Amino acid sequence: MDSLVVPLDAPEAADPGRFGPKAANLAALGRAGLPIPGGYAVDARAYRLQLAYLGLEATAREVFAAEDRPRARRCALDMKLGLMENAVAPQIVEPLLAAWRTCGRGVVRSSALVEDRADSSFAGQFESFLELQNEGELLIAARACWAALWSTRALRYMASHGLDPADTAMALIVQPLVEARVSGGGLSRTADGDMVINAAPGPGSAIAQGEIAPDRYVLDRGGSVKESATGRKYHGVTCVHGRRSLSRSLAGARCLSPEEVAEIGLLMRKSEEVLGGPVEIEWAADEAGVKLLQARPLRVAEAAVPDEIWLQRPRLDGHPSGIGFGSGRARIVNCECELERVAPGDVLVTTVAGPALGPVLAHVAGVVAELGGSTSHLASLARERGVPMVLGVPEATQRIPDGATVAVDGVAGVVRWVQ
């Protein structure tokens, strides 16, 4: 029988049917000689063995099959709690711990069989856990990654893509921690044929979650920088509803050297060769250099030609982060508490482009945010759904009037409005 855990440099680790496209793509990059952190892939069969060990297989089938919605919700909750609260099956524990022991302060990441595909990225829908200190934390992280397949946001995403969670499974990646000095993402192809790199100091979670406007570098296909812009971060304050909000922006120094920018550009071009098309990458750089953390297929759209009437209107520029051109009524939302104000066909204008906005993408005409960048998880979902989105737009919530008619060009990164 095949091993449950294999090194990422093993030939079988490149099998997406066993280890998920995320792990398989990473393994393919490593085997092509590109820098990755190394580590191990955990077969999705381990997840299926865990379901059988806990007697949850029948419950899994009821989540999307039950006609009684309260019953379906109860089954989904039973799946999450069952996977999260119960011990890992003995035949899984030892190979999992053996992999972790070689990684030191390791990382556990999801690698679902349905994520990182051209038609379903699942960007930001699952879990990753960093700096695990001991074996107990490793096992908790593994259970949490398995349980994430049954989270409310993942189930909504699957339903919108015609997927049944009972028909798929969750593989895992166990890796050494990259002590990131700087990290970010990249798009190997834009509508103009360029490449884009986003970067920020430290781990890349703030970029992925849309909590900052990262440094942005636009490169031609030869790797030369055409333009660049320094990112912004914000002080946190409290909104009127008692939740965390954001205020004054602070600009910092650029965090990549010209040599690092050129290196990441080269890695994107080589990743395209390995995966056979345009890619979106995540990367991190420690004292030893740049390492690729993830690569998924990238949807590239043609630039739209706006109606002449819009060219005469007030304009704000930001990071092009979605697909196409759309217009609608601006709805200013200052925190998640106000999302219910956003009606179908509205253009959402907000501060943080975080995961909570994911469900809104199904019915808005466009999204504009002061923070976030082209490689955030929300931007990946917008490209997948064909939603116009511009992120990293300074003072958007102050400059754009609530209720104004707004046009969003998600390819050019331009927002205009009628006063």
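The values are calculated or read from the model by the stated rules, or taken from the named source; none is laboratory data. Quick caveat, the model's predicted, so the values are computed rather than measured. All Cβ positions, glycine included, derive from the backbone under ideal geometry; neighbour counts span all protein chains shown. Note: accessible area is taken over every heavy atom of the protein model, side chains too, but ligands, DNA and RNA are not part of it. Shrake-Rupley method; radii C 1.70, N 1.55, O 1.52, S 1.80 Å.
Some values worked out for this structure:
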{"read-out": "Sum of -39500 (n - 2.57) over DSSP H runs of 4+, divided by residues of the chain (222 nm, nearest 500)", "value": "-9000 deg cm²/dmol"}
{"read-out": "Residues of the stretch 121-184: accessible area per residue with a 1.4 Å probe, Å²", "value": "35"}
{"read-out": "Stretchable slack from D286 to K226, in nm (0.36 nm times residue separation minus alpha-carbon distance)", "value": "19.0 nm"}
{"read-out": "Kyte-Doolittle mean at least 0.5 and Cα axial length at least 15 Å: DSSP H helices in the chain", "value": "135-148"}
{"read-out": "Potential extension, L130-E94 segment - 0.36 nm per residue separation minus Cα distance", "value": "10.9 nm"}
{"read-out": "Contact order relative to length of the chain, as percent, for alpha carbon pairs under 8 angstrom and 6 or more apart", "value": "15"}
{"read-out": "Total lysine pairs under 25 Å (Cα atoms) in the chain, excluding pairs fewer than 8 apart on one chain", "value": "7"}
{"read-out": "Rounded FRET efficiency, nearest 0.05, which uses the C-beta distance separating R153 from C337 and R0 of 22 Å", "value": "0.80"}
{"read-out": "Fraction of accessible area attributable to carbon and sulfur, the chain (%, probe 1.4 Å)", "value": "50"}
{"read-out": "Sites S160 and R71 - FRET efficiency at Förster radius 25 Å, r taken between beta-carbons, to 0.05", "value": "0.75"}
